[in-house]
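Report on one structure; see the data block that follows.
The values are calculated or read from the model by the stated rules, or taken from the named source; none is laboratory data. Computed from a predicted model, the values in this text were never measured in an experiment. So basically every Cβ, Gly included, is an ideal-geometry build from the backbone, and we count neighbours across all protein chains shown.
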Amino acid sequence: MTDFLLLFVSAAFVNNVVLVRYLGQCPFLGVSNRLDTAIGMSMAVVFVMTLASAVTWNVQHYLLNPFGLGYLRTIAFILVIATLVQLVEMFLQKSVPALYRALGIFLPLITTNCAVMGVAVLNIQNEYTFVETLVFAFASSIGYGVALVLMTGIRERLNTAPVLSSLAGTPAALITACMLALAFMGFAGMVQ
Amino acid sequence: MLEALLTIGGLGLVAGAGLALASRVFYVYVDPRILAVEEALPGANCGGCGYPGCSGAATAIVSGTAEPNICVASGSAVHAEIAALLGVEIKEREPEIAVPGCTYGLEQADLKYLYDGFQDCRAAVLLGGGSKVCPVGCLGLGTCVRSCPFGALSMGPDNLPVVDKDLCTGCGTCERVCPKHIITLTSNSKRVLREYTTDQCSAPCQRACPAGIDIPEYIHQISEGNYREALRVIKETNPLPSICGRICVHPCEYECRRNLVDQAVAINPLKRFVADRERMSGERVQIGRAPDTGKRVAVVGGGAEGLTAGYFLTRLGYEATVYEGSSRMGGLLRYGLPQNRLPAGVLEWDINGVQEAGVVFKTGHRLGRDMTVNSLLHEGYDAVIIAIGGWDTQMPQRAQGDILKPIPGVYILLDFLLAYRAGKQRVPGRRVVILGGGSAALEAARIHIREEALEVHMIFRGPRNQAPFSDEVLEDAEEQGIQLHFETAVTRMMGRGDELTHLELASIGPSGDSSGREILETDTLLTGSGRFPELIYVLETGSRNGEIESDEGEGAWETLVPYAGPSARDVTGFFRPGEAAGDYRAVVEAIGSGRRAVNTLHLYLSGNSIEGPVSMIRANTRVLGLSELEPVSTAPREPVPLSSEEMLNVDPSAEVELTYSEDQAVREARRCLQCGLICYRRIEGALH
């Protein structure tokens, strides 16, 4: 149990997928303007990342490994994740329309998100068991959400703050992201 | 190898089959009409309609939240098809087109630095707003060109976007992606409503023009030999070019940048040249009008301002009728100018042009005699615009000492005093407000006190210590029961039928802004100004004024004050310091005022704020400019040809100044520096 807890803290904070691993930077800067969209995006990532990791782990262990096709991992994972997101979208539209409307456009957006793909690959590289994979993916996506929401909160305040005109906009956002990443460095060494 | 193929192929097959199955299992019913409408739409997903893509638009159209012609990218054929699919009618929509608003590319403009980063305007603008010194200059990296879903944009040789008018659908994608807001959509209405703002490029002459004519553009068209196009540019904001071309006081020429080098460009004689060319050809340049709004507006006063108001009302899609008290249109233009300045034939040509644009003229109809504001409002007009000018302009129409009461409850102070002294007039009301006017105002106030009026108010624009009376006189007046209001302006009149019932007063702060407002019960307003202000009367809807509950019920009206033009300094209320609002010093001022009155009414009737644009350039706005020029070639101004002495002897009423010849006009037009905000045409090679 302790192992899982450590894995969770490690994935969510110490090795935060955005701020330490530098994955998923595009939506991190792109959808961090308003809190409601940021939360929608985070929920969609939690949903898809966990599900995708579970499926890709099985694809790796029961399809690619037996045939010695490890080198096809990338292409196979892309195929699987894209199909999965499509399926999930259809399922939600039919069965949980409320959730479908809430996640809305974010679902197809993260089909090709590198954070989702990256976590799926990391699961294999780190040789996690299936349960570990689930915990790692869930924790990573939570870490992603935390980083995104923190960033959005800061940027919303930054919008009303006096910023040097030459730094206004993207430069200020990048500096903010940098400082946020430095803050997360504080977690370094807590867990491997 | 085979294993790999089979594995990935199999995986793909399973995924595909799974999705196909899922689409069956999780099938959601979609209205087939949505699919049909989406099929009919162009599928460019440009977002010009304001919905996320064509499917979003189709859903909105079918659900009835959007009109069938919401798609800006497709033509009327597609709109008709969609309307037929749904079995509904379509309303006519005004066509729009994209127009780039920058005329000097990166090669010719002054730069702050050389940009070598990612070739996209949205990236370039992050670096201190772009590389140009000019804050509203095109960055020239073609973001708009790449964004255009219809291939209507291309990059010209000077790195400025060029619009293909045939391909542009007016979807507005370029307007949305341009980080500098340089390429914008324009339509007939938008060009009528346009005011120069700090967010766009404008030349000093344009900003100085009370009518707001795009001067560099029309002169450019003349230099290229496109005389009719030049006249079209002028007519966008000035319906009386032949008249203006003769008698305009041309404030533009005083601001011309060529004054820094030699002499101003002959802006006004060039206007006369293109206008006279049109008159000689007999073929009118006419600008189209916006779709019919179904609303009718009456304009009272057939002078320059009334004609202009009628013209722009028509352009905006209103049914405009101009009432004139005398037997012929023209007002002071007809009665106040000598033949050798403005020949009758020229006047007729411009007045006929307004009529041909669709304005209905009714001469011999005098306000106060043949109709009243109230009767017009109840004849089915949605609004009445008063453009009757002043005491002097009405002189040809009346005998002195007759009191004119053309607008409800408002009298010219001088009219009242003359009539009262002559014994022709009793005091008109019991609650009187007197505005401005010095000792005459005090006399009128005392007359009212003597005649036992219930309330007498005197209103002063300035503070107490700047009133035109000594402290003793003021105290004496207060003791007599006259109520004095200092630093106050009249901002609205309200009434019912032919009677004035209320005035809205605003106190003016130190910077000329209005702060508190109060409503005063009044039946008479005496104005020391010799002019009636331009006013817009509309029937009160009640919902629009939160501060006063309309207990007047049916038939109550109120006035709107047109927003002030760019040269006005103290802009609160419809009586400005020493004068009624609206400017009659020159015909071009009246033209500008007429257009602004129409714009104000249009904004009101379409439910918008009736202020001018927020960033509109006004008298005290600071605009980037130049105080000296780098070398430009000097060239003397073309002299305006004059009539010979013999000719003037034969016909003393012949025009003294004549029109440029074509050669002269083109030569003069080429002297224009084609200024922008800070750019201008320099000598080749003299730059850098």
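Of the residues making up the range B:73-85, those that are in a helix (DSSP H, G or I) and surrounded by fewer than 16 Cβ atoms within 10 Å (Cβ to Cβ) number 4.
In the condition set (1) over 30 Å from B:Asn226 (Cα atoms); (2) modelled with pLDDT under 90; (3) crowded, with 18+ Cβ neighbours inside 10 Å, B:Thr600 is compliant with all but (2).
Filter the range B:315-351 down to the residues that are modelled with pLDDT under 95 and polar (S, T, N, Q), then identify the one that is farthest from B:Lys295 (Cα to Cα). Among those residues, the one meeting the criterion is B:Asn340. Could you tell me whether any residue of the range B:114-133 is touching a residue at least 40 places away in the same chain (Cβ under 8 Å) and more than 14 Å from chain A (Cβ to nearest Cβ)? Checked the range B:114-133: at least one residue is touching a residue at least 40 places away in the same chain (Cβ under 8 Å) and more than 14 Å from chain A (Cβ to nearest Cβ). Just checking, which of B:Ile234, B:Ile213 is assigned to a loop (DSSP other than H, G, I, E, B) and farther than 23 Å from B:Tyr113 by Cβ? Only one candidate passes the filter, namely B:Ile213. Can you tell which of B:Glu255, B:Glu229 is touching a residue at least 24 places away in the same chain (Cβ under 8 Å) and acidic (Asp, Glu)? Within the list B:Glu255, B:Glu229, the selection yields B:Glu255.
For first residues located in the range A:71-98 and free of Cβ contacts under 8 Å to residues at least 24 places away in the same chain and more than 8 Å from every other protein chain (Cβ to nearest Cβ), partners that are assigned to a helix (DSSP H, G or I) and of a type in the set (Phe, Trp, Tyr) and lie 6+ apart or on another chain with Cβ distances below 8 Å form the pairs A:Glu89/A:Tyr100; A:Leu92/A:Tyr100. The lone criterion from (1) more than 22 Å from A:Gly40 (Cβ to Cβ); (2) surrounded by fewer than 14 Cβ atoms within 10 Å (Cβ to Cβ) left unmet by A:Asn159 is number (1). Looking only at the range B:615-631, count how many residues are closer than 20 Å to B:Gly137 by Cβ and not acidic (Asp, Glu). Adding up the residues that qualify gives 10.
Please pick out the residue among B:Thr59, B:Thr7 that is more than 11 Å from chain A (Cβ to nearest Cβ) and either without any contact (Cβ under 8 Å) to a residue 24 or more places away in the chain or in a helix (DSSP H, G or I) (or both).
Working: B:Thr7 fails: more than 11 Å from chain A (Cβ to nearest Cβ).
One residue alone meets the criteria, B:Thr59.
In the list B:Val125, B:Val99, which residue meets the criterion of being among the aliphatic types (A, V, I, L, M), buried (at least 17 other Cβ atoms within 10 Å of the Cβ), under 26 Å from the mean Cα position of the chain (by Cα) and closer than 21 Å to B:Gln200 by Cα? Result of the check over B:Val125, B:Val99: B:Val99.
Could you count how many residues in the range B:344-366 are assigned to a strand (DSSP E or B) and more than 9 Å from B:Met329 (Cβ to Cβ)? Before the answer, list the steps.
Within the range B:344-366, the first condition is being assigned to a strand (DSSP E or B), and the residues that meet it are B:360-363.
Pick out the ones that are also more than 9 Å from B:Met329 (Cβ to Cβ) and you get B:360, B:362.
Of the residues in the range B:344-366, 2 are assigned to a strand (DSSP E or B) and more than 9 Å from B:Met329 (Cβ to Cβ).
Scanning the range B:39-56 for residues that are over 23 Å from A:Phe106 (Cβ atoms) and assigned to a helix (DSSP H, G or I), we see that the one that is farthest from the other protein chains (Cβ to nearest Cβ) is B:Ala40. Does A:Ala172 satisfy being over 18 Å from A:Val46 (Cβ atoms) and either within 14 Å of chain B (Cβ to nearest Cβ) or outside any helix (DSSP H, G or I) (or both)? It is true that A:Ala172 is over 18 Å from A:Val46 (Cβ atoms) and either within 14 Å of chain B (Cβ to nearest Cβ) or outside any helix (DSSP H, G or I) (or both). Exactly one residue out of B:Glu443, B:Glu451, B:Glu475 is surrounded by fewer than 13 Cβ atoms within 10 Å (Cβ to Cβ), more than 36 Å from the chain's Cα centre (by Cα) and either among the acidic types (Asp, Glu) or closer than 19 Å to B:Leu417 by Cβ (or both): that is B:Glu475. In the set (1) modelled with pLDDT of 85 or more; (2) within 29 Å of the chain's Cα centre (by Cα), B:Val614 fails one condition alone, (1). The residue that is nearest to A:Tyr100 (Cα to Cα), counting only those in the range A:33-58 that are buried (at least 21 other Cβ atoms within 10 Å of the Cβ) and within 14 Å of another protein chain (Cβ to nearest Cβ), is A:Ala52.
Taken together, the residues in the range A:84-101 that are at pLDDT 80 or above and β-branched (Val, Ile, Thr) amount to 2.
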